[in-house]
Amino acid sequence: MTSVHPAAPDTARGQLPAGADAAVRQLYLLHASALHCYVRRFCPDPASADDIVQETFIRAWRHLPQLSADDRPVRPWLYRVARNLLTDADRAARARPATTAAQPPEDARDDARLDQVLDRQLVHDALAHLSPAHRTVLVETFYHGGTLATVASQLGIPHGTARSRLHYALHALRQQLQNQHAAA
């Protein structure tokens, strides 16, 4: 099989073992902990998070030939699958009749608030590393809700330039967040 490498820049790119089971085992060793931390933030209980992570790796096993043939990092693919599974689980939960849920303990609410503050801080720090032109287009588009046409008009730049800056800003922001995640 060809090489599959994780998204984390500090992890060496290596060859996957020849067997599908060994390859998935290697992917699990490289990515399960980070994926579980990500999924756990959106699940009501640890068992649900475990189910989502398990299903993500089952899908990785099913798609191993495509993942091995592709030269892109595997971690973003795993996160996308987990996100889709979380969305499906949320939709299924909404389709069920409503039940009364117990109020989460005060410390759980504090933990959720702390996670939100930490996430905001990570994004703020990542935005600070962008060039002013890229940061302006990204902030005006996503945080102020402007369309690319209005942002281009406000900044006095062509629509294509605004679109290009947004593309490169998102790419740089994603890279910065991955670097921060790898350092953590």
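Count of segment 164-179 residues, restricted to those that are more than 15 Å from Thr141 (Cβ to Cβ) and touching a residue at least 24 places away in the same chain (Cβ under 8 Å), is 4. Evaluate the following for Asp51: is it of a type in the set (Asp, Glu) and assigned to a helix (DSSP H, G or I)? Considered against the rule, which asks whether it is of a type in the set (Asp, Glu) and assigned to a helix (DSSP H, G or I), Asp51 comes out as yes. Annotation note: Cβ proximity below 8 Å between a residue of segment 24-47 that is touching a residue at least 60 places away in the same chain (Cβ under 8 Å) and a residue that is crowded, with 18+ Cβ neighbours inside 10 Å and in a helix (DSSP H, G or I) (sequence gap 6+ or interchain) occurs for Ala34/Arg75. Taken over segment 17-46, the residue count meeting the criterion of being part of a loop (DSSP other than H, G, I, E, B), of a type in the set (Gly, Ala, Ser) and either farther than 14 Å from Arg62 by Cα or in contact with a Pro (Cβ under 6 Å, 6 or more places away or on another chain) (or both) is 1.
Which members of segment 17-32 meet the condition of being surrounded by fewer than 18 Cβ atoms within 10 Å (Cβ to Cβ) and within 14 Å of the chain's Cα centre (by Cα)? Passing the criteria: only Ala32.
Residues of segment 143-161 that are in contact with a helix residue (DSSP H, G or I) (Cβ under 9 Å, 6 or more places away or on another chain) and closer than 28 Å to Tyr79 by Cα: His144, Gly146, Thr147, Leu148. Restricting Thr87, Thr56 to those that are under 19 Å from the mean Cα position of the chain (by Cα), in a helix (DSSP H, G or I), of a type in the set (Ser, Thr, Tyr) and farther than 20 Å from Leu29 by Cβ reduces the list to Thr87. Scan segment 61-108 residue by residue and report those that are of a type in the set (S, T, N, Q) and either surrounded by 12 or more Cβ atoms within 10 Å (Cβ to Cβ) or at pLDDT below 80 (or both). Listed by number, the residues that qualify are Ser68, Asn84, Thr99, Thr100, Gln103. Of the conditions (1) in a loop (DSSP other than H, G, I, E, B); (2) modelled with pLDDT under 80, Ile157 fails just one. Which one is it? Status for Ile157: all satisfied but (2). Restricted to segment 138-152, and to residues that are β-branched (Val, Ile, Thr) and assigned to a helix (DSSP H, G or I), which residue is farthest from Leu166 (Cα to Cα)? Looking at residues that are β-branched (Val, Ile, Thr) and assigned to a helix (DSSP H, G or I), I get Thr150. Being under 22 Å from the mean Cα position of the chain (by Cα) and either under 23 Å from Pro76 (Cβ atoms) or outside the structural domain of Leu78 (by TED's automatic domain parsing) (or both) is a property that Leu170 has.
The values are calculated or read from the model by the stated rules, or taken from the named source; none is laboratory data. Since the structure is predicted, the reported quantities are computational estimates derived from the model, not experimental observations. Glycine also receives a Cβ, built like all others from the backbone with ideal geometry; neighbour counts cover every protein chain displayed.
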